[in-house]
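Reviewing the structure listed below.
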Amino acid sequence: MNQHLLNLQQDDAPFTADPSKSFTLPARFYINPEIYELEKEAIFYKTWHYAGHVSQVSKPGQYLTTKIHQQNLFIAHGRDGEIRAFYNVCAHRGHTLLEGSGKKNIITCPYHAWAYDFDGTLKAARNSENVEGFNKCDFPLKRVKLEVFCGMLMVNLDPDATPFAEQYAGLEDEIRQYMPSVDDLSYAQRDTFEVRANWKVLVDNFLECYHCAAAHKDFVDLVNMDTYRTITHKRYSSQCAAAPATTNSTAFSFKPGDVDFGYAGFFVWPNMTIWLYPGEANMSILQMNPSAPEQTIEYQDWFTPGGTLSPQLKEAADYQKDILQPEDISLCESVQQGLQSKGYNQGRFIVDKGKTELSEHAVHHFQKMVMETLGGEVR
């Protein structure tokens with residue numbers, strides 16, 4: 001890795017620890033392939049990754065798959081009731097074992113039919129009984145660290161990773177404050193978005209509402225923007241607003257219910273966001289998954305009581321999918337184009353003393369974690 005890419009260059013303004021005095025990350029952090037490759041090992045292979053929900057693997061034999069860059073994983077519910085995560089690769093010749101999600105009696109490799117149980121043990125390898133010294137116990141699937149957090153399945157490729165609840169202390173209490181019935185929610189649907197922008201552009205965009213009045217008129221109508229505040233913590237941030245004056249916004253209509261506030265959103269380092277909308281009980285996860293230096297695949301998973309979308313929640317999900325997300329995607333793709341311009345390298349954070357709804361201090365909080373994790377300069 002060229003350390004020069006991370007350090008202050010001739011045309012750079014300083015990235016400082018004080019957000020009110022700092023300039024943003026230089027444009028190369030969003031377009032350079034070397035930095036993108038460094039992020040894989042330094043960030044994504046050492047942090048917690050959202051993979052799915054316990055309701056998707058609630059019965060023995062149920063499984064789902066997920067990827068962290070090139071690392072293909074699966075999560076399965078074992079015969080003993082334990083949910084485990086594994087690298088999704090056969091111990092014989094490296095073929096992918098499972099695709100998508102579903103339910104099986106045994107995990108059989110499509111290539112040479114090696115068969116594994118849901119605890120990762122090799123149960124059968126054709127003709128291995130005729131191979132001298134072959135012991136099936138020598139070829140189990142490789143486990144991946146897994147924890148359940150508010151029903152979410154979180155995986156980490158680092159076997160020595162600090163527990164999720166410890167790294168993100170306080171997050172669970174905040175979520176349960178706004179959504180006391182979070183344990184009663186089940187997976188309802190996934191919406192997928194392909195975005196021509198670096199993953200960090202999407203996170204930056206989520207972390208500020210400076211753009212909301214100009215770009216999201218329906219969202220501004222949904223929440224009481226005067227009460228919108230973002231609070232940063234060690235590895236996450238929360239952005240919440242009180243209920244609006246009306247429950248018949250231009251975004252979607254709702255009746256006061258389990259969710260008696262306007263909006264609660266959470267950013268979880270490095271690329272997961274949690275959304276709680278007003279009305280009936282609900283939660284959604286929007287995760288920004290990098291697929292190339294300037295491309296990202298976003299998954300938004302919705303969780304509702306019983307795993308079905310009521311008319312009200314369908315209206316909310318449709319607003320998110322058909323209006324809010326396209327608005328944000330258009331903004332982010334335009335920013336990504338601008339990051340290639342010879343006329344741009346850095347901007348200045350807008351951070352006011354009151355850290356109001358117009359303040360970008362949470363964007364700085366995220367970019368500072370990026371810079372420090374990669375080993376760049378923070379002055």
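Scan segment 62-95 for residues that are in a loop (DSSP other than H, G, I, E, B) and under 20 Å from ALA188 (Cα atoms) and the total you get is 0.
Can you say whether THR47 is surrounded by 19 or more Cβ atoms within 10 Å (Cβ to Cβ), under 25 Å from GLU294 (Cβ atoms), modelled with pLDDT of 95 or more and in contact with a Gly (Cβ under 9 Å, 6 or more places away or on another chain), as far as the supplied structure shows? Against the criterion (surrounded by 19 or more Cβ atoms within 10 Å (Cβ to Cβ), under 25 Å from GLU294 (Cβ atoms), modelled with pLDDT of 95 or more and in contact with a Gly (Cβ under 9 Å, 6 or more places away or on another chain)), THR47 does not qualify.
Matching residues to (1) farther than 30 Å from SER237 by Cα; (2) surrounded by 12 or more Cβ atoms within 10 Å (Cβ to Cβ):
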site: CYS109; (1), (2): yes, yes
site: ALA115; (1), (2): yes, yes
site: VAL131; (1), (2): yes, no
site: PHE139; (1), (2): yes, yes
site: CYS150; (1), (2): no, yes
site: ASN156; (1), (2): no, yes
site: ILE175; (1), (2): no, yes
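Selection of segment 56-86 for residues being surrounded by fewer than 18 Cβ atoms within 10 Å (Cβ to Cβ) and without any contact (Cβ under 8 Å) to a residue 60 or more places away in the chain yields SER58, LYS59, PRO60, GLY61, GLN70, ASN72, GLY78, ARG79, ASP80, GLY81, GLU82. As for segment 223-234, it holds at least one residue that is assigned by TED's automatic domain parsing to the domain that holds THR296, under 18 Å from the mean Cα position of the chain (by Cα) and not in a loop (DSSP other than H, G, I, E, B). Checking each residue in segment 1-36 for being in a helix (DSSP H, G or I) and over 19 Å from GLU294 (Cβ atoms) picks out GLN3, HIS4.
Looking at GLU194, GLU172, just one residue is more than 15 Å from the chain's Cα centre (by Cα) and of a type in the set (Asp, Glu), and that residue is GLU172. The residues of segment 117-129 that are of a type in the set (Asp, Glu) and either exposed (fewer than 13 other Cβ atoms within 10 Å of the Cβ) or not assigned by TED's automatic domain parsing to the domain that holds GLY61 (or both) amount to a single one, GLU129. Applying the condition of being in contact (Cβ under 8 Å) with a residue 60 or more places away in the chain and in contact with a Leu (Cβ under 8 Å, 6 or more places away or on another chain) to segment 275-296 and asking which residue is farthest from TYR50 (Cα to Cα) yields ALA281.
Taking the options GLY343, GLY347, GLY338, name whichever one is among the small types (Gly, Ala, Ser) and in contact with a strand residue (DSSP E or B) (Cβ under 9 Å, 6 or more places away or on another chain).
On the way: GLY343 fails: in contact with a strand residue (DSSP E or B) (Cβ under 9 Å, 6 or more places away or on another chain); GLY338 fails: in contact with a strand residue (DSSP E or B) (Cβ under 9 Å, 6 or more places away or on another chain).
On inspection, the qualifying residue turns out to be GLY347.
Remark: ALA362 matches the filter, which requires a residue to be surrounded by 16 or more Cβ atoms within 10 Å (Cβ to Cβ) and either in contact with a Leu (Cβ under 7 Å, 6 or more places away or on another chain) or assigned by TED's automatic domain parsing to the domain that holds LEU202 (or both). Just one of the numbered conditions (1) buried (at least 21 other Cβ atoms within 10 Å of the Cβ); (2) over 17 Å from TYR50 (Cα atoms); (3) touching a helix residue (DSSP H, G or I) at 6+ places or on another chain (Cβ under 9 Å) is not true of LEU313: (3).
Scanning segment 242-263 for residues that are outside any loop (DSSP other than H, G, I, E, B) and over 29 Å from GLU166 (Cβ atoms), which turns out modelled with the highest pLDDT?
Applying the first criterion (outside any loop (DSSP other than H, G, I, E, B)) to segment 242-263 yields 248, 253, 259, 263.
Within this subset, residues satisfying the condition of being over 29 Å from GLU166 (Cβ atoms) are 248, 253.
Working: ASN248: 77, SER253: 84.
Only one residue fits best here, namely SER253.
The number of residues in segment 334-359 being surrounded by 16 or more Cβ atoms within 10 Å (Cβ to Cβ) and either assigned to a helix (DSSP H, G or I) or not assigned by TED's automatic domain parsing to the domain that holds CYS209 (or both) comes to 3.
The values are calculated or read from the model by the stated rules, or taken from the named source; none is laboratory data. Here the structure is a predicted model, which is why all the values come from computation and not from measurement. Don't worry about glycine lacking a Cβ; one is built from the backbone with ideal geometry, like all the others, and counts go over all protein chains shown.
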